[in-house]
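Input: a single structure, listed below in structure tokens.
Please treat every number below as a calculation from the coordinates, not as lab data. This structure is a prediction, so every number in the text was calculated from the model and none was measured. So basically every Cβ, Gly included, is an ideal-geometry build from the backbone, and we count neighbours across all protein chains shown.
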């Protein structure tokens, strides 16, 4: 992983947090459905960023990045739902929400730059 690729690093770090959260929610709180959804979407962000980096064209890069953005939106939803159904505390969810919102801003900014250079 390149040290200067901020979205690559942040999406990977977020995925690690999500995996650890899934382990906690499934073992300690016996919650399997919502946490599994978050596990899928939260780890998919970084996987799609990686695919984008390896994209064969600018169009391919943009398409994979768009999928990563959608997965980040979905993760945002699951985190809020876990909080509002009392599986996550305000403190636990606040940090995750801040991370996912930062990832969304970064991906959105990259998408905007690509769109503007294609115009």
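With the simple spin-label model, which puts each label point 7 Å out from Cα in the Cβ direction, the residue 28 to residue 3 separation comes to 3.3 nm.
At 222 nm, what helix-only mean residue ellipticity would the chain give, in deg cm²/dmol to the nearest 500, using -39500 (n - 2.57) for each DSSP H run of four or more?
-30000 deg cm²/dmol
Taking Cα atoms only, the orientation of helix 6-28 departs from the longest principal axis of the chain by about 20 degrees. Rounded to the nearest 10 degrees, the angle from helix 90-118 to the longest Cα principal axis of the chain is 10 degrees.
When each of the peptides 51-60, 12-21, 71-80 is scored by the mean number of other C-beta atoms lying within 10 Å of its residues, the order from highest to lowest reads 71-80, 12-21, 51-60.
The stretch 80-110 and the stretch 33-70 have Cα centres lying 17 Å from one another.
R0 = 41 Å: FRET efficiency of residue 19 with residue 116, Cβ-based, nearest 0.05?
Numbers: r = 35 Å, r/R0 = 0.85.
Efficiency for this residue pair is about 0.70.
Counting every other Cβ atom within 10 Å of each residue's Cβ, 6, 110 order from fewest to most as 6, 110. In degrees from 0 to 90, rounded to the nearest 10, what is the angle of the helix 33-53 Cα long axis to the longest principal axis of the chain? Once rounded, the angle reads 20 degrees.
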